[in-house]
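Only the coordinates and a few stated rules stand behind these numbers; no lab work does. Everything quoted here is computed from the prediction, not taken from an experiment. All Cβ positions, even for glycine, are placed from backbone atoms using ideal geometry, and neighbour counts span all protein chains on display.
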Amino acid sequence: TQAELARLAGSSRESASRFLAVLERAGIITQGRGKLVVHEPEALERYVY
């Protein structure tokens with residue numbers, strides 16, 4: 001869930017939700033009920049520090 005991702009990232013659920021929305025608009029991921037699909041792992045890596 002978004003809350004679990006936020007906890008793992010040391011962030012708030014709201015921040016995680018906004019960030020996931022950015023990734024989804026960019027076509028990097030899609031979100032569904034209880035799942036997240038990464039379509040472009042290389043693009044996602046650019047967001048990881």
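Select from region 1-14 the residues that are surrounded by fewer than 14 Cβ atoms within 10 Å (Cβ to Cβ), under 17 Å from residue 48 (Cβ atoms) and touching a helix residue (DSSP H, G or I) at 6+ places or on another chain (Cβ under 7 Å) and list them in ascending order.
9
Which pairs turn up if I take residues in region 16-41 that are in contact (Cβ under 8 Å) with a residue 40 or more places away in the chain and look for partners that are assigned to a helix (DSSP H, G or I) and among the acidic types (Asp, Glu) with beta carbon separation below 7 Å, at least 6 apart in sequence or on another chain?
Hits for this filter: zero, empty list.
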